[in-house]
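**Student:** Questions regarding the structure given below will be posed in turn.
The values are calculated or read from the model by the stated rules, or taken from the named source; none is laboratory data. Not measured: the values here are computed from a predicted model. Here the Cβ positions follow ideal geometry from the backbone for every residue, glycine too, while neighbour counts run over all protein chains shown.
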Amino acid sequence: MSTPVPEPIAERARAPRVLVLPPAELGLTWRALGLSDVANLHALFIRIESHDDPPYRTTREEAAENFEGDWKDPLNNSLGGFDGEGNLRAYGTVTVQPGDERAVRAFLEGGVDPGRRRQGIGAAVLDWQVARARQRLAASGKDIPGRIVVHVEDGMDDVVAMLTARAFFPRRWYTEMRRDLRKPLPEVKLGNHLDVVPWSRELDDHVRLAHNEAFADHWGSEPHTLETWSDGRTYFAPTWSFLVLDRTSDRAQVAGYLLSGRYEQDWGSLGWSEGYIDILGVRRQWRGQQVATALLVRAMEAYRADGMEYAGLGVDTDNPTGRFGLYGKLRFEPTRGSTMYTIEL
């Protein structure tokens, strides 16, 4: 029996021909967002986060990242709702990464001012986002699986209700973890041909390529382009980032890598200071040689030397119970969670 040929993405996406703005009776004026709206967007983030009290705080620089990168095209992929005084009361964005090869993904982010909730605004923004995401996926020309993605922090029951009413389903579970740096760190001995070295700008593209290879077999991961690799690095911490190089030959190879972030703006809401492990990977050829352990220990030594109380990281699993493997052995403990909701196309 022959394998059925999937419909082209342009048909599977079921994209609307016309985008419909949220209705006027919601009392807001709707338009695309741009760089001139960064201050207004940041002010909205402050109001939302002060009310919801998530374990992070968004800075103005992070708000500006919504408009950095040509592929984001905020003129066509963002929406803001403004009140009569010009204050931003709701927003939504749709982002499709340009390098997707195994599944083309549309990521939705948005929020509503606490003072304007339960008025239908969030649902209207979400409907606009889903419609725009379908248009973006249809226009991608990539006849591979499509996915519309929303990440939801635990406890956001109203958001979950809106998503499930629109045929989103939980697909992946994420757990944030921390490790007390007062506890002793294990000693790790690598093979003679392997060296832990500081991250360097000269090797960064080699790290990107190593990451694309290392995560090729990880669910939901897609290759990074030069642009997407450097996106969102406002708080990248070079002195807390390390590589393992294999020097077996004259030309050293990146065997593993750990990139850290220093998110001081989050420490108050977390209740502790931490070095955060943004990305950790080991290429297949070097797995089982303690490369990941060596990188984690070296990074935690650097965090501790700079006075940090904890190391932090996030892990994802295909079920809500989760298994933490290496991180559990290194005495990381879970602190909070979130869930990825998707529509699969």
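**Student:** Say whether the condition of being out of contact with any Ser or Thr (no Cβ under 8 Å at 6 or more places or on another chain), among the aromatic types (Phe, Trp, Tyr), within 25 Å of residue 309 (Cβ to Cβ) and at pLDDT 95 or above is met by at least one residue in the range 198-213.
**Tutor:** Start the filter on the range 198-213 by keeping residues that are out of contact with any Ser or Thr (no Cβ under 8 Å at 6 or more places or on another chain), which leaves 200-213.
Retained after the next criterion (residues that are among the aromatic types (Phe, Trp, Tyr)): none.
No: the range 198-213 contains no residue that is out of contact with any Ser or Thr (no Cβ under 8 Å at 6 or more places or on another chain), among the aromatic types (Phe, Trp, Tyr), within 25 Å of residue 309 (Cβ to Cβ) and at pLDDT 95 or above.
**Student:** Looking at the range 116-125, is at least one residue surrounded by 22 or more Cβ atoms within 10 Å (Cβ to Cβ) and among the polar types (S, T, N, Q)?
**Tutor:** No, every residue in the range 116-125 fails to be surrounded by 22 or more Cβ atoms within 10 Å (Cβ to Cβ) and among the polar types (S, T, N, Q).
Every residue, every condition in (1) surrounded by fewer than 19 Cβ atoms within 10 Å (Cβ to Cβ); (2) of a type in the set (Val, Ile, Thr), yes or no:
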| residue | (1), (2) |
| --- | --- |
| 260 | no, no |
| 278 | no, no |
| 285 | yes, no |
| 291 | no, yes |
| 295 | no, no |
| 312 | no, no |
| 315 | no, yes |
| 327 | no, no |
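**Student:** Additional query: Would you please list the contacts, defined by Cβ atoms under 7 Å and residues six or more apart or on different chains, that run from a residue in the range 168-181 that is over 15 Å from residue 154 (Cα atoms) to a residue that is in a loop (DSSP other than H, G, I, E, B)?
**Tutor:** 178/332; 179/330; 179/331; 179/332; 181/308; 181/309
**Student:** From the set of residues in the range 125-152 that are part of a helix (DSSP H, G or I) and of a type in the set (Val, Ile, Thr), which is nearest to the chain's Cα centre (by Cα)? Even if it seems obvious, please write down each step before you answer.
**Tutor:** Filtering the range 125-152 down to residues part of a helix (DSSP H, G or I) leaves 125-139.
Cutting the leftovers down to of a type in the set (Val, Ile, Thr) gives us 125, 130.
Working: 125: 21, 130: 19 Å.
Taking the candidates together, the pick is 130.
**Student:** While we're on this one: Just to be sure I understand, how many residues within the range 235-280 are under 23 Å from residue 316 (Cβ atoms) and of a type in the set (Ser, Thr, Tyr)?
**Tutor:** Result for the range 235-280: 7.
**Student:** Given 333, 274, which one is of a type in the set (Asp, Glu), more than 30 Å from residue 60 (Cα to Cα) and in contact with a strand residue (DSSP E or B) (Cβ under 7 Å, 6 or more places away or on another chain)? Reasoning before the result, please.
**Tutor:** On the way: 274 fails: more than 30 Å from residue 60 (Cα to Cα).
Every option except 333 fails the conditions.
**Student:** Shifting gears a bit: Show me the helices (runs of 4 or more DSSP H) found entirely inside the range 218-320 where at least 1 residues are more than 24 Å from the chain's Cα centre (by Cα) and touching a residue at least 40 places away in the same chain (Cβ under 8 Å). So that I can check it myself, show each step before the final result.
**Tutor:** On the way: elements: 226-230, 264-270, 291-305.
Ranges flagged: 291-305.
**Student:** So, in the range 41-54, how many residues would count as being outside any helix (DSSP H, G or I) and not charged (D, E, K, R)?
**Tutor:** Looking only at the range 41-54, we keep the residues that are outside any helix (DSSP H, G or I), and these are 53-54.
Subsequent filtering for residues that are not charged (D, E, K, R) retains 54.
Residues that pass the stated criteria total 1.
**Student:** If you go through the range 42-79 one residue at a time, how many are closer than 25 Å to residue 155 by Cα and over 21 Å from the mean Cα position of the chain (by Cα)?
**Tutor:** 4
**Student:** Of a type in the set (A, V, I, L, M), closer than 30 Å to residue 146 by Cα and either touching a strand residue (DSSP E or B) at 6+ places or on another chain (Cβ under 9 Å) or touching a residue at least 24 places away in the same chain (Cβ under 8 Å) (or both): does that describe residue 210? Please lay out each step first, then the result.
**Tutor:** On the way: of a type in the set (A, V, I, L, M): yes; closer than 30 Å to residue 146 by Cα: yes; either touching a strand residue (DSSP E or B) at 6+ places or on another chain (Cβ under 9 Å) or touching a residue at least 24 places away in the same chain (Cβ under 8 Å) (or both): yes.
It is true that residue 210 is of a type in the set (A, V, I, L, M), closer than 30 Å to residue 146 by Cα and either touching a strand residue (DSSP E or B) at 6+ places or on another chain (Cβ under 9 Å) or touching a residue at least 24 places away in the same chain (Cβ under 8 Å) (or both).
**Student:** Could you list, in sequence order, all residues of the range 201-227 that are over 18 Å from residue 295 (Cβ atoms), surrounded by fewer than 18 Cβ atoms within 10 Å (Cβ to Cβ) and out of contact with any Leu (no Cβ under 9 Å at 6 or more places or on another chain)?
**Tutor:** Matches in the range 201-227: 201, 202, 216, 217, 219, 220, 221, 225, 226, 227.
**Student:** Are any residues in the range 69-89 surrounded by 15 or more Cβ atoms within 10 Å (Cβ to Cβ) and under 28 Å from residue 224 (Cβ atoms), and if so, which ones?
**Tutor:** Across the range 69-89, the qualifying residues are 69, 72, 73, 74, 77, 78, 79.
**Student:** Quick one: count up the residues across the range 153-195 that are part of a loop (DSSP other than H, G, I, E, B) and either within 21 Å of the chain's Cα centre (by Cα) or acidic (Asp, Glu) (or both). Lay out the reasoning, then the answer.
**Tutor:** Here is the first cut: in the range 153-195, the ones part of a loop (DSSP other than H, G, I, E, B) are 154-156, 166-168, 181-193.
In the following step, the residues that additionally are either within 21 Å of the chain's Cα centre (by Cα) or acidic (Asp, Glu) (or both) were identified as 154-156, 168, 187.
Within the range 153-195, residues that are part of a loop (DSSP other than H, G, I, E, B) and either within 21 Å of the chain's Cα centre (by Cα) or acidic (Asp, Glu) (or both) number 5.
**Student:** Let me ask another. Among the residues of the range 136-169, which ones are over 15 Å from residue 98 (Cα atoms), buried (at least 21 other Cβ atoms within 10 Å of the Cβ) and not aliphatic (A, V, I, L, M)?
**Tutor:** Residue satisfying the conditions is 168 alone.
**Student:** Kindly indicate the residue of the range 12-40 that is within 28 Å of the chain's Cα centre (by Cα) and assigned to a helix (DSSP H, G or I) and also surrounded by the most Cβ atoms within 10 Å (Cβ to Cβ) among those meeting that condition.
**Tutor:** 37
**Student:** Of the numbered conditions (1) polar (S, T, N, Q); (2) surrounded by fewer than 22 Cβ atoms within 10 Å (Cβ to Cβ); (3) farther than 21 Å from residue 316 by Cβ, residue 129 fails exactly one; give the number of that condition.
**Tutor:** Going through (1) polar (S, T, N, Q); (2) surrounded by fewer than 22 Cβ atoms within 10 Å (Cβ to Cβ); (3) farther than 21 Å from residue 316 by Cβ one by one, residue 129 breaks only (2).
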